[in-house]
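The values are calculated or read from the model by the stated rules, or taken from the named source; none is laboratory data. All values derive from a computational prediction rather than experimental measurement. Every residue, glycine as well, gets a Cβ built from its backbone with ideal geometry; the counts of neighbours run over all protein chains shown. In case anyone asks, the SASA skips ligands and DNA or RNA and just uses the protein heavy atoms, side chains included. Shrake-Rupley method; radii C 1.70, N 1.55, O 1.52, S 1.80 Å.
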Amino acid sequence: MSTSLRELLSAVTTLTDVDSRSTPGFEGGKAEAKKAMAALGNELAELQRRLYANGTGGDPRSVLLVLQGMDTSGKGGVIRHAVGLVDPLGLRITSFKKPTTEELEHDFLWRIEKGLPQPGIIGVFDRSHYEDVLISRVRELATPEEIERRYGAINDFEQAYFDGGGTIVKCMLHINSGDQKERLAARLEDPAKYWKYNPADLDERARWDDYQKAYELAIERCSTATAPWFVVPSGRKWYRNLAVATLLLEHLRALDLAWPAADFDVEVEKARLAAS
């Protein structure tokens with residue numbers, strides 16, 4: 001996998017130009033991707049442990065992985081296969097469903113702020129604050145003026161998280177209409193997958209073009225230097241998982257994490273232990 005995947009996947013604004021089954025930065029196939037995942041797993045886990053260790057000592061840094069995409073794009077698969085490479089001790093996964101009555105009484109970012117990872121933690125948002133400029137735009141759940149306000153509020157919110165020591169990795173898992181149809185059909189053919197099928201998904205599917213436009217607007221309006229969007233082609237599940245794992249690894253490497261130094265005299269403690 002290319003070491004400049006961040007540059008490759010952050011240069012997209014028009015989704016129709018992206019082949020969902022393409023594999024930017026990777027020339028191998030499924031077998032090679034499996035080997036590549038195994039190869040990066042140890043380093044990813046090591047850096048996550050360093051992040052967690054530093055967090056226990058007062059280092060404010062944390063990482064937030066945002067996963068967005070149409071139904072069947074593979075958010076759960078990424079969590080299992082890519083995020084699953086790290087130690088759950090330093091991991092927090094938050095899934096944002098339809099807002100509750102209490103949440104609707106507050107600004108749309110209220111519940112999001114509560115889900116931000118603490119220092120030393122990798123947080124994962126399965127859907128996120130972007131629902132409030134995606135489904136709200138498509139379903140007209142908010143006025144155009146309110147949607148415009150939310151773009152700015154999101155940028156300010158993400159900048160504040162960054163300024164406080166946070167690193168944001170925003171991944172739009174891109175599939176095309178054909179990919180989704182194939183995956184929905186697979187759910188209807190397998191009794192073990194019936195629970196994953198929701199008839200309402202077809203209602204949303206009927207608004208496919210509207211959602212693509214809403215995603216493009218969100219990417220255009222909320223891709224910043226400190227929190228760029230990465231459009232991850234997700235028609236091939238094995239590439240999708242490898243790409244997100246690689247993006248996460250690249251961002252952890254950029255933090256230049258070292259193990260925290262001891263805040264006690266190591267030799268004295270060795271002597272005390274020997275004498276005990």
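Any idea how far apart ALA38 and PHE162 come out in nm if each label point goes 7 Å out from Cα toward Cβ?
According to this spin-label approximation, the distance is 3.8 nm.
So I have (1) 21.2; (2) 20.0; (3) 19.1, and one of them is Kirkwood radius over Cα pairs in Å calculated from this model. Which one is it?
(2)
As a test question: what accessible area, to the nearest 10 Å², does THR23 have when a 1.4 Å probe is rolled over all protein chains in place?
40 Å²
Give me the percent of the accessible area of the stretch 137-184 that comes from carbon and sulfur atoms, probe 1.4 Å, all protein chains in place. All intermediate terms of the calculation are to be shown ahead of the outcome.
On the way: 1120 of 2210 Å².
That fraction is 51 percent.
Provide ILE135, ILE121, ILE112 ordered by accessible surface of protein heavy atoms (probe 1.4 Å), highest first. List each step's numbers first, then the result.
Details: ILE135 55, ILE121 25, ILE112 0 Å².
Solvent-accessible surface, decreasing: ILE135, ILE121, ILE112.
What lysines does LYS181 reach when the alpha-carbon gap must be under 17 Å and sequence neighbours fewer than 8 apart in one chain are set aside?
Of all the lysines, those that pass the test against LYS181 - Cα under 17 Å, at least 8 places apart if same chain - are LYS75, LYS193, LYS196, LYS237.
Taking GluC sites (Glu not before Pro) as exposed when DSSP calls them loop (any state but H, G, I, E, B) and at most 12 other Cβ atoms lie within 10 Å, what is the longest stretch of the chain free of them, the sites themselves excluded?
Working: sites that count: GLU27, GLU105, GLU140.
With a cap of 12 other Cβ atoms within 10 Å, the longest stretch comes to 141-276.
Compute the relative contact order of the chain as a whole-number percentage, counting only Cα pairs closer than 8 Å that sit 6 or more residues apart in sequence. Write out the running numbers ahead of the final one.
Working: 372 pairs, mean separation 91.2, N = 276.
Computed over the chain, the figure is 33 percent.
Relative to the first principal axis of the alpha-carbon coordinates of the chain, what is the inclination of helix 266-275, with its axis defined by its Cα atoms, in degrees from 0 to 90 and to the nearest 10?
The two axes meet at around 60 degrees.
Ignoring ligands, DNA and RNA, how do LYS114, LYS35, LYS193 rank by accessible area with a 1.4 Å probe, largest first? Don't jump to the answer; show the numbers that get you there.
Values: LYS114 120, LYS35 150, LYS193 75 Å².
Listed by decreasing accessible area, they come as LYS35, LYS114, LYS193.
Going by alpha carbons, how many degrees (0 to 90, nearest 10) lie between the helix axis of 208-221 and the longest principal axis of the chain?
That works out to roughly 40 degrees.
Roll a 1.4 angstrom probe over the protein heavy atoms and tell me the percent of accessible area of the stretch 78-129 that is carbon or sulfur.
Working: 1470 of 2780 Å².
Summing carbon and sulfur atoms, their accessible area is 53 percent of the total for the stretch 78-129.
With all protein chains present, how much of the accessible area of the stretch 196-245 (probe radius 1.4 Å) comes from carbon and sulfur, to the nearest whole percent? Kindly include the intermediate steps, with their values, before the conclusion.
Details: 920 of 2040 Å².
Answer for the stretch 196-245 is 45 percent, counting heavy atoms of protein chains only.
Just the accessible area per residue of the chain, please: how many Å² with a 1.4 Å probe? Before the final figure, lay out the partial values.
Details: 13990 Å² over 276 residues.
Averaged over the residues of the chain, the accessible area is 51 Å².
Nearest 10 degrees is fine. How inclined is helix 177-189 to the longest principal axis of the chain, computing both from alpha carbons?
80 degrees
Quote the relative contact order of the stretch 1-124 in percent (integer), defining contacts as alpha-carbon pairs under 8 Å separated by 6+ residues. Let's see the in-between values first.
Numbers: 97 pairs, mean separation 41.3, N = 124.
Computed value for the stretch 1-124: 33 percent relative contact order.
Determine which aspartates and glutamates satisfy two conditions relative to LYS114: a Cα distance under 12 Å, and not lying fewer than 8 residues away in the same chain.
GLU103
Considering the chain as a Gaussian network with a 10 Å cut-off on Cα pairs, which listed residue, ALA200, ALA153, ALA218, attains the greatest mean-square fluctuation?
Its mean-square fluctuation being the largest, the pick is ALA200.
Label-point separation (nm) for ARG207 and ASP256, each offset 7 Å from Cα along Cα-to-Cβ?
Placing both labels 7 Å along Cα→Cβ, they lie 4.6 nm apart.
What figure in square angstrom, to the nearest 10, would you give for the accessible area of MET37 with a 1.4 Å probe?
Its heavy atoms expose roughly 30 Å² to the probe.
In sequence order, what are the phi-derived ³J(HN,Hα) couplings for the stretch 12-20 according to the Karplus relation 6.51 cos²θ - 1.76 cosθ + 1.60 with θ = phi - 60°, rounded to whole Hz, with x for glycine and proline?
9, 10, 9, 5, 5, 7, 9, 7, 5
Two decimals is fine: what is log10 I(q)/I(0) at q = 0.15, 0.20, 0.22 Å⁻¹ for the stretch 197-276, from a Debye sum with one equal scatterer on every Cα and no solvent?
These q points yield log10 I(q)/I(0) values of -0.83, -1.10, -1.14.
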